[in-house]
Amino acid sequence: MPSAEEYKEQQKITWNRFSGGWKKWDELVMTMLSGTGKVMLAKACLKAGDQVMDMATGTGEPGLTAAALVGSGEVIGVDLAEEMLAVAEEKASARGVTNYRVQVFDGFKRGVRA
């Protein structure tokens, strides 16, 4: 059985390796998942000025949609995989979203607080 550290590293490698496929199929996948994202965001009751963290953001949703809802607020999308975050940044830039940023975050580390 792998240690927690080995498992985390394998996950990081895997998600980085598949980031190109996620980018290629992102529009289709996000369309399929949009209903779930809409429900999550509705339940969050976001408003202008809110600060939001999208954990395990991958290619950026629902964080990018949340950025539109919070207006003057800010959304940070965090993920373990740098290459997935690069896709999210590219999407934000293409959409002209300026209140969304990404950060590599290792949620597996004990004692880490975001």
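State yes or no: is L69 assigned to a loop (DSSP other than H, G, I, E, B) and either in contact (Cβ under 8 Å) with a residue 24 or more places away in the chain or surrounded by 13 or more Cβ atoms within 10 Å (Cβ to Cβ) (or both)? Give the steps one after another, and end with the answer.
On the way: assigned to a loop (DSSP other than H, G, I, E, B): no; either in contact (Cβ under 8 Å) with a residue 24 or more places away in the chain or surrounded by 13 or more Cβ atoms within 10 Å (Cβ to Cβ) (or both): yes.
In short, no.
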Flagged pairs (Cβ under 7 angstrom, 6 or more apart or on separate chains; first in the range 28-55, at positive phi; second among the hydrophobic types (A, V, I, L, M, F, W, C)) are G49/V70
Taking T98 as the residue in question, decide whether it is over 23 Å from K12 (Cα atoms), touching a Leu at 6+ places or on another chain (Cβ under 8 Å) and of a type outside the set (G, A, S).
no
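Taking the condition under 14 Å from A56 (Cβ atoms), surrounded by fewer than 14 Cβ atoms within 10 Å (Cβ to Cβ) and at pLDDT below 95, does G107 pass? I'd like the intermediate steps shown before the answer.
Values: under 14 Å from A56 (Cβ atoms): yes; surrounded by fewer than 14 Cβ atoms within 10 Å (Cβ to Cβ): yes; at pLDDT below 95: yes.
Here the answer is yes, as G107 does meet what is asked.
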Go over the candidates A88, A94 one by one and state the one that is without any contact (Cβ under 8 Å) to a residue 24 or more places away in the chain, under 23 Å from N16 (Cβ atoms), part of a helix (DSSP H, G or I) and hydrophobic (A, V, I, L, M, F, W, C).
A94
Being touching a Gly at 6+ places or on another chain (Cβ under 7 Å), aromatic (F, W, Y) and at pLDDT below 95 is the requirement here; does W22 meet it?
yes
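The values are calculated or read from the model by the stated rules, or taken from the named source; none is laboratory data. Just so we're clear, the structure is a prediction, and the values are computed from it rather than from any experiment. Neighbour counts are summed over all protein chains in view; Cβ atoms, including those assigned to glycine, are modelled from backbone coordinates with ideal geometry.
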